[in-house]
Amino acid sequence: MQQGLIHIYTGAGKGKTTAAVGLGIRAYGQGLKVLMVPFLKGWTTGEMKVIASLGPCFQLFQYKENDKFTWGMTDEEMEGIKGKMRIGLNYTIEAVLSGEWDLIIMDEIMAAVNSGFLPLEEVVEIVKIKPQKLELVLTGRGAPSKLIELADYVSEITARKHPMEKGIMAREGIEY
């Protein structure tokens, strides 16, 4: 690619990570090197299992965060998550600057910022310093306007209806 662009998948609807992984698979299928760095996803999802089997051209940087949602964590667990988010962000900065990757996915980075685990300014700086040829994808609800202004693609996924409204919780193979 001569010009890498910036994508944001945001909104309250289901499918932001799915869209990012789909783009990653498309890029991988065309011979591009893809890295996915999940933020705030401590459980193993179906897509993570597939990515782990793809070899060195589609890598997943993962660390065991926690298998709870933030609203169910203690203050001590929240502090632990903050330290792990820092590890993930530092790894992402190194990956962006390395020139090794064609596409980097920062999955749920908006949630990490909006929850106060990571400073918005650092994520904005990553977007600004990315090499010209690097395609960068950021996902998560509530994309800050500073990031939206820098992006080339912004897709907002709207929830019009969701099974949780009927008490149906996340199902293995469909939601994770």
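Within region 1-21, count every residue that is open to solvent by 40 Å² or more (accessible area, probe 1.4 Å) and more than 18 Å from residue 115 (Cβ to Cβ).
From region 1-21, those open to solvent by 40 Å² or more (accessible area, probe 1.4 Å) are 1-3, 5, 12, 14, 18; that's our starting set.
Retained after the next criterion (residues that are more than 18 Å from residue 115 (Cβ to Cβ)): 1-3, 5, 14, 18.
Looking only at that region, the number is 6.
Evaluated against (1) out of contact with any Leu (no Cβ under 9 Å at 6 or more places or on another chain); (2) modelled with pLDDT under 90; (3) charged (D, E, K, R), residue 65 falls short on exactly one condition, (1).
Report yes if some residue within region 97-109 is hydrophobic (A, V, I, L, M, F, W, C), assigned to a loop (DSSP other than H, G, I, E, B) and closer than 20 Å to residue 60 by Cα; otherwise report no.
Step one: filter region 97-109 for residues hydrophobic (A, V, I, L, M, F, W, C), giving 97, 101, 103-106, 109.
Still in the running and assigned to a loop (DSSP other than H, G, I, E, B): 101.
This time we only want the ones that are closer than 20 Å to residue 60 by Cα, so: 101.
The answer is yes, given that some residue of region 97-109 is hydrophobic (A, V, I, L, M, F, W, C), assigned to a loop (DSSP other than H, G, I, E, B) and closer than 20 Å to residue 60 by Cα.
Table: residues versus (1) outside any helix (DSSP H, G or I); (2) in contact with a Ser or Thr (Cβ under 9 Å, 6 or more places away or on another chain).
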site	(1), (2)
116	yes, no
121	no, no
146	no, no
155	yes, yes
168	yes, no
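Per the listing 124, 113, the residue uniquely aliphatic (A, V, I, L, M), touching a Leu at 6+ places or on another chain (Cβ under 6 Å) and open to solvent by 10 Å² or more (accessible area, probe 1.4 Å) is 113.
For every residue, the table says whether it meets (1) of a type in the set (Val, Ile, Thr); (2) out of contact with any helix residue (DSSP H, G or I) (no Cβ under 6 Å at 6 or more places or on another chain); (3) over 15 Å from residue 8 (Cβ atoms).
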| residue | (1), (2), (3) |
| --- | --- |
| 86 | no, yes, yes |
| 92 | yes, yes, yes |
| 102 | no, yes, yes |
| 108 | no, yes, no |
| 111 | no, yes, no |
| 132 | no, yes, yes |
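Can you tell me how many residues within region 81-96 are of a type outside the set (Phe, Trp, Tyr) and touching a strand residue (DSSP E or B) at 6+ places or on another chain (Cβ under 8 Å)? Please lay out each step first, then the result.
Narrowing region 81-96 to residues of a type outside the set (Phe, Trp, Tyr): 81-90, 92-96.
Subset that is touching a strand residue (DSSP E or B) at 6+ places or on another chain (Cβ under 8 Å): 88, 92, 95-96.
Number satisfying all stated conditions: 4.
Looking for something of a type in the set (Ser, Thr, Tyr), open to solvent by 40 Å² or more (accessible area, probe 1.4 Å) and modelled with pLDDT of 95 or more - is there at least one such residue anywhere in region 127-141?
Taking every residue of region 127-141 in turn, none turns out to be of a type in the set (Ser, Thr, Tyr), open to solvent by 40 Å² or more (accessible area, probe 1.4 Å) and modelled with pLDDT of 95 or more.
Residues that are open to solvent by 90 Å² or more (accessible area, probe 1.4 Å) and touching a helix residue (DSSP H, G or I) at 6+ places or on another chain (Cβ under 6 Å) within region 142-163 comprise just one, 146.
The values are calculated or read from the model by the stated rules, or taken from the named source; none is laboratory data. Since the structure is predicted, the reported quantities are computational estimates derived from the model, not experimental observations. Please note: Cβ atoms are built from the backbone with ideal geometry, for glycine as well, and neighbour counts cover all protein chains shown. With ligands, DNA and RNA removed, areas are computed over all heavy atoms of the protein, side chains included. Shrake-Rupley method; radii C 1.70, N 1.55, O 1.52, S 1.80 Å.
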